[in-house]
Amino acid sequence: MSRYAVFVDLENCGAKVATLNSILEKVKIRGDVLLGRVYGYTDRFSDLKEILLSNTFSVVPSIRYGIAQKNNADIQLVVDALEVAYTNPLIDSFCIVSGDSDYMPLVGRLKAMGKYVLGISRSEAASNIFINACNEFQFLESMGGRKVPTANASSRKKQVPQSDEMKDLSELNKLIVSVCEEHSDSGEMYASELKGVVVRLRPDFNEKNYGCATFYKLLSKLSQKFGDLHVKNDNYNVIVYL
C-alpha cells in the first residue's frame with residue numbers, strides 16, 4: 001500500500017471544500033496520507049479549516065509582498081517536498097496539486113529517488129510539461145465531488161428511516177463502484193482489500209450501520225439492490241467485481 005505526502009497549491013486548485021475532498025478521496029483510494037500541507041492559506045479560506053484539521057494537514061500562510069509572492073509559495077513547496085523525500089523513508093509517493101511547469105524539476109528529482117508522483121490540477125492551469133513529467137496525472141474537472149455516507153454518533157443509536165437508508169446505500173454503492181474502477185483495470189478486488197480502502201476514505205464506516213453483520217452481507221445487499229457489483233467466493237476469498 002502506498003504512503004503519500006500531499007502538497008496543495010490552494011490558488012491552483014480553487015480552494016473549495018468539495019474540491020479538496022475529491023483530491024483526498026482520489027489519494028486515499030491509492031494509499032494512506034501520512035503528511036499533508038497546503039500553501040497560500042489566508043483567512044478567506046477559513047471554510048477549509050474542518051477538512052484540513054480532520055486530515056491533520058499543516059498550512060503555510062500566504063504573505064503578500066510584491067510580484068514575487070507566488071514564486072515564494074512555489075519555492076517553499078519544493079523545499080518542503082524535497083525535505084520530506086530525503087528525511088522520511090516511510091513516504092514512497094507524492095501528490096502535487098498544481099499544474100505549474102516550475103514543478104517539473106521537483107517531479108524529476110522525486111522520480112529519480114524512486115518516488116511515485118501523482119499530479120492533480122485544473123485543466124486551464126495545467127502545463128503539458130508538468131503533466132507528462134508525472135507518473136500519473138488527474139484533471140480536477142474529471143474527478144468531481146461525491147457525497148458519501150457518514151454515520152455520526154446519533155445515527156448509530158437509532159434506526160435509520162427506510163428512505164434515508166436507501167439513499168445511504170445508493171451513495172455507498174457509488175463509492176464502492178468508484179473504488180473498484182480506480183483501483184483495478186479489471187474492476188475486480190478482494191473484499192478485504194476493498195473494505196480497507198473504504199475505511200481509509202470513511203474512517204467511521206461500519207457495515208452494521210447498514211443493517212449487515214458482515215461486509216460480505218453488505219456487498220451482497222448492494223449487489224441485489226443496484227446490480228453494479230457482483231460478489232463471488234474463490235477458495236474462501238470473497239472477490240468483488242463490476
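The values are calculated or read from the model by the stated rules, or taken from the named source; none is laboratory data. Not measured: the values here are computed from a predicted model. Reconstructed Cβ throughout: ideal geometry from the backbone, glycine too, with neighbour counts over all protein chains shown.
Quick grid of which residues meet (1) at pLDDT 90 or above; (2) of a type in the set (A, V, I, L, M):
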| residue | (1), (2) |
| --- | --- |
| Lys195 | yes, no |
| Leu201 | no, yes |
| Phe205 | no, no |
| Lys217 | yes, no |
| Lys221 | yes, no |
| Phe226 | yes, no |
| Leu229 | yes, yes |
| Asp234 | no, no |
| Asn237 | no, no |
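Looking at the structure I just gave you, is Val79 touching a residue at least 24 places away in the same chain (Cβ under 8 Å) and among the β-branched types (Val, Ile, Thr)? The answer is no for Val79. Note on the stretch 168-211: among residues that are free of Cβ contacts under 8 Å to residues at least 12 places away in the same chain and within 17 Å of Leu242 (Cβ to Cβ), the one that is surrounded by the fewest Cβ atoms within 10 Å (Cβ to Cβ) is Asp185. Residues that are in a helix (DSSP H, G or I), in contact with a strand residue (DSSP E or B) (Cβ under 9 Å, 6 or more places away or on another chain) and closer than 20 Å to Val78 by Cα: does the stretch 30-46 have at least one? Within the stretch 30-46, not a single residue is in a helix (DSSP H, G or I), in contact with a strand residue (DSSP E or B) (Cβ under 9 Å, 6 or more places away or on another chain) and closer than 20 Å to Val78 by Cα. Scanning for something farther than 23 Å from Ser142 by Cα and either modelled with pLDDT of 90 or more or outside the structural domain of Val33 (by TED's automatic domain parsing) (or both), does the stretch 169-183 turn up at least one residue? There is at least one residue in the stretch 169-183 that is farther than 23 Å from Ser142 by Cα and either modelled with pLDDT of 90 or more or outside the structural domain of Val33 (by TED's automatic domain parsing) (or both). Is it the case, given these coordinates, that Asp32 is surrounded by fewer than 17 Cβ atoms within 10 Å (Cβ to Cβ) and under 20 Å from Gln138 (Cα atoms)? Yes: the conditions hold for Asp32. For the stretch 81-92, the tally of residues that are in contact with a strand residue (DSSP E or B) (Cβ under 6 Å, 6 or more places away or on another chain) and of a type outside the set (A, V, I, L, M) stands at 1.
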